[in-house]
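Here the structure is laid out as structure tokens; the discussion comes afterwards.
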Amino acid sequence: MLSPRIQSPICRFSAFLKRELKLWPVLLSLLGSAILAFGLCHIHSHSDVTEGGVLGLTLLLDYHFHISPAISGFILNLLCYVLGWKYLGKPFLLYSFISSVNFSVTYGIFEQMDPVFPNLVQNPLLAALIGAVFVGVGAGLCVLVGGAPGGDDAFAMAMAKITGKNIQSMYLLSDLVVLALALTYIPVQQILYSLLTVILSGQIIGWVQKIPVPVTGSTAEAQPAQ
């Protein structure tokens, strides 16, 4: 067997995957990112309830500075993942990759379906509440195993680790800043619905994060402070 010093990068990467990949975290990452994709696709995108965090910031930059969300979203998400990698380690990147790829795949599948809740357009309050449940449970399952399906989650996890505060506070802080800035172009009533959904989803993420599951090894160490 080759010495660790002279193993090829492929061998080292294969050993890393074998060491870090656990069945339960992988399954929860796939389930959580699919739930999140369904909520964003079939509730938020049809109800005009805006977002905080990275997505809300990309919409703000697009409105005021005409910077495409495709560009700003990529840059902001990349910065958030780099921050998460620095403070949460390589397992964070691994499970974040699984979550984000599955989110994109399942979102694309859900886009092909007819609206599941067509009447939510006329009931933004209900949309805010139901959407928060899907976002909270979906993102919460990914965060539970140490991964982040989006830049918002990576930022909140890293800041929770840095500050020692609970993750609910980090979600709320980042969302409040973005929603406050969004008042420059979004009506107050719509912001209030959005505020409701981000507060509730952040709390649900914190609750889901405390569910005991068989997460072991460095994956458990990647979880932020509770």
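Of all residues in segment 128-159, exactly one satisfies the criterion of being more than 23 Å from Leu30 (Cα to Cα) and crowded, with 24+ Cβ neighbours inside 10 Å, namely Ala128. Of the candidates Asp175, Asp114, the single residue that is among the charged types (D, E, K, R) and surrounded by fewer than 14 Cβ atoms within 10 Å (Cβ to Cβ) is Asp114. Cβ-Cβ contacts under 9 Å between residues 6 or more apart (or on different chains), taken from a first residue in segment 79-99 that is in contact (Cβ under 8 Å) with a residue 12 or more places away in the chain and over 14 Å from Asp152 (Cα atoms) to a second residue that is among the basic types (Lys, Arg) and surrounded by fewer than 24 Cβ atoms within 10 Å (Cβ to Cβ), are listed as Tyr87/Lys161; Leu88/Lys161.
Taken together, Leu125, Leu93 contain a single residue that is farther than 15 Å from Gly202 by Cβ and crowded, with 17+ Cβ neighbours inside 10 Å, which is Leu93.
Please determine, by comparing only the residues of segment 1-37 that are surrounded by 13 or more Cβ atoms within 10 Å (Cβ to Cβ) and outside any helix (DSSP H, G or I), which one is modelled with the highest pLDDT. Selected residue: Lys22. Sub-6 Å Cβ pairs linking a first residue in segment 23-35 that is touching a residue at least 60 places away in the same chain (Cβ under 8 Å) to a second residue that is loosely packed, with under 15 Cβ neighbours inside 10 Å and outside any helix (DSSP H, G or I), at least 6 apart or interchain, are Trp24/Val213; Trp24/Pro214, ordered by first then second residue. Here Trp207 meets the list (1) modelled with pLDDT of 90 or more; (2) crowded, with 20+ Cβ neighbours inside 10 Å almost entirely, failing just condition (2).
Looking at Ile71, is it over 18 Å from Met170 (Cβ atoms) and either touching an Asp or Glu at 6+ places or on another chain (Cβ under 7 Å) or loosely packed, with under 15 Cβ neighbours inside 10 Å (or both)? So Ile71 passes the test.
The values are calculated or read from the model by the stated rules, or taken from the named source; none is laboratory data. Note that the structure is a prediction, hence the values are computed from the model and not measured. Don't worry about glycine lacking a Cβ; one is built from the backbone with ideal geometry, like all the others, and counts go over all protein chains shown.
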